[in-house]
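This report concerns only the one structure given below.
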Amino acid sequence: MSPLLIKTIQFLLSLSLLIVLHEMGHFIPAKLFKTRVEKFYLFFDVKFSLFKKKIGETVYGIGWLPLGGYVKIAGMIDESMDTEAMKEEPKEWEFRSKPAWQRLIIMLGGVTVNFILALVIYIGMAYGYGDQYIPADSLKDGVHVIEKTIGDELGIQTGDKILAVDGNKVKDFNGIFMSIIEGNSITIERDGQTIEQAIPVDFIATLMEDKDRALFLGPRIPFIIGEVSPGSLNKEAGLEPQDEVVEIAGKKVTYFDEVKPILENHKGEKIDLTVVRENNERKVIPVVINDSAQIGVRPMGLSMEDMEQRGLLRVETEKYTFAQSIPAGINKGVSKFTGYLKQLKKIFNPDTGAYKGVGGFAAIGGLFPNTWNWEVFWGTTAFLSIMLGVLNLLPIPALDGGHVMFLLYEIVSGRKPSDKFLEYAQMIGFFLLLALILFANGNDLYRYLTGK
């Protein structure tokens, strides 16, 4: 099975689960309040359905357009724009005939399910998988700034230890990237001194200019040869895979990030390379440095386990009992929720340039891995559930948040907006929503065509 197909299946499975449960959040309270639900659909059935079956008063079906789903509640001005039915006298089983507080509960049901679902998944993951992470303070000699221009803008250098973002201690090294994206300031330790740097307002836009530069930080790794490149000047020099380079031209080398500056000073020269082999044999090998300051070898990557064995970092795993997994899962859910709100705030601030990173279905599908991994699947689904809940609460007519906004106005003022006003608001909201969808998926297309 191709990686793209695996990714697509995971995306559709996650999306279907989220849509069905979200709409169930509207359906159940509607039925409890004796409100008629005419349709319950996964995906949109524009012109025709892939499947439909009427059970009782409700038609259950699957549409062909995977842009979402819906429940059609009788007597409600929604995306169906069934204005003819609204011209008739209200029936007791219609949405518009119910008290405002009942209508509010029905409209909040979908996002409530989204947030509860995310918490349930995170609790289950805490119990089933625990938390494996790399303590940020365990990196022996700080971070490697892979992209120097990005590091310079942020004020981070290779060898710095990242202590905190916005004053909050960074626990997991793998979470540093998202913390920086969401944060406003970063605290680092350099040569024994603590320094606080402001994160540039447009830092997200800088990262979005080139997706390959986005992962600009990494742990410092030793220089271990993976293979000698075909056509290398040193093909016959005697270098072997898994040789660890410890000295170049008489200068000690501990990490791969120390190599380039040394080689720059020896372009076109023949120098000695000191390597250590698996049996701890130390060997001096003469090599030629080409005009591009390269030896002509491909470095070998190391697993986190290998790095831990070398004492370069520490990998920790927290296991939870079922009782412990409940607060752990809730804390993770709350953290993801607040983090997403921070991201959303930056998206709505043009100065940050974060809107350039807004993505559509391709970007969301890209969150899933190329191989089937249940842990990643459930973690991604939980985050998407939070995303869906937050976005649906935006006060845009045609979204749940728009309906909630008008219901709150009715409850506070005691005056119900007219059906004609709600109809126009729904139309405006629909076009706003369509514009957002086109913008997000247009961003996906632009990034695909430009490679950014």
Would you please name the residue that is surrounded by the fewest Cβ atoms within 10 Å (Cβ to Cβ), looking only at residues in segment 1-45 that are hydroxyl-bearing (Ser, Thr, Tyr) and over 20 Å from Gly75 (Cβ atoms)? Ser2
For segment 404-425: of the residues being open to solvent by 80 Å² or more (accessible area, probe 1.4 Å) and part of a loop (DSSP other than H, G, I, E, B), which is farthest from Glu94 (Cα to Cα)? Arg415
Residue that is nearest to the chain's Cα centre (by Cα), among those in segment 194-226 that are modelled with pLDDT under 80 and among the basic types (Lys, Arg): Lys211
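Specify the residue that is surrounded by the fewest Cβ atoms within 10 Å (Cβ to Cβ); the eligible residues are those in segment 114-166 that are of a type in the set (Asp, Glu) and farther than 24 Å from Val315 by Cα. Walk me through it before giving the result.
Of the residues in segment 114-166, the ones of a type in the set (Asp, Glu) are 131, 137, 141, 147, 152-153, 160, 166.
Subsequent filtering for residues that are farther than 24 Å from Val315 by Cα retains 147, 152-153, 166.
Details: Glu147: 18, Asp152: 11, Glu153: 16, Asp166: 14.
Looking at residues that are of a type in the set (Asp, Glu) and farther than 24 Å from Val315 by Cα, I get Asp152.
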Confirm whether Ile225 is β-branched (Val, Ile, Thr), over 30 Å from Met178 (Cα atoms), free of Cβ contacts under 8 Å to residues at least 40 places away in the same chain and not in a loop (DSSP other than H, G, I, E, B). no
Just to be sure I understand the filter: pairs with C-beta atoms under 6 Å, separated by 6 or more residues or on different chains, first member in segment 332-349 and in contact (Cβ under 8 Å) with a residue 40 or more places away in the chain, second member among the polar types (S, T, N, Q). Which pairs pass? Lys346/Thr352
Looking at (1) open to solvent by 30 Å² or more (accessible area, probe 1.4 Å); (2) under 24 Å from Ile146 (Cα atoms); (3) free of Cβ contacts under 8 Å to residues at least 40 places away in the same chain, which one does Thr254 not meet, given that it meets all the others? (3)
State all residues of segment 18-63 that are part of a strand (DSSP E or B), within 30 Å of Ala100 (Cβ to Cβ) and of a type in the set (Ser, Thr, Tyr); if no residue qualifies, say none. Tyr41, Thr58, Tyr60
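Of the residues Leu5, Leu104, Leu67, Leu12, which is in contact (Cβ under 8 Å) with a residue 60 or more places away in the chain and closer than 23 Å to Ala362 by Cα? Talk me through it step by step, then tell me what you get.
Working: Leu5 fails: in contact (Cβ under 8 Å) with a residue 60 or more places away in the chain; Leu104 fails: closer than 23 Å to Ala362 by Cα; Leu12 fails: in contact (Cβ under 8 Å) with a residue 60 or more places away in the chain.
After ruling out the rest, the residue left standing is Leu67.
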If a residue has to be in contact with a Leu (Cβ under 7 Å, 6 or more places away or on another chain) and either part of a loop (DSSP other than H, G, I, E, B) or open to solvent by 10 Å² or more (accessible area, probe 1.4 Å) (or both) to count, how many in segment 365-387 make the cut? 2
Among the numbered criteria (1) surrounded by fewer than 16 Cβ atoms within 10 Å (Cβ to Cβ); (2) of a type outside the set (Gly, Ala, Ser); (3) outside any loop (DSSP other than H, G, I, E, B), which one does Asn280 miss? (3)
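Tell me, which strands (runs of 3 or more DSSP E) lie completely within segment 120-172 with 2 or more residues that are of a type outside the set (Val, Ile, Thr)? Lay out the reasoning, then the answer.
On the way: elements: 131-133, 143-145, 161-165.
In segment 120-172, the matching strands (runs of 3 or more DSSP E) lie at 131-133, 161-165.
The values are calculated or read from the model by the stated rules, or taken from the named source; none is laboratory data. Predicted model only: the values in this text are computed from it and were never measured. With ideal geometry, Cβ positions are generated from the backbone for all residues, glycine too; neighbour counts draw on all protein chains shown. Only protein heavy atoms, including side chains, enter the accessible area calculation; ligands, DNA and RNA are left aside. Shrake-Rupley method; radii C 1.70, N 1.55, O 1.52, S 1.80 Å.
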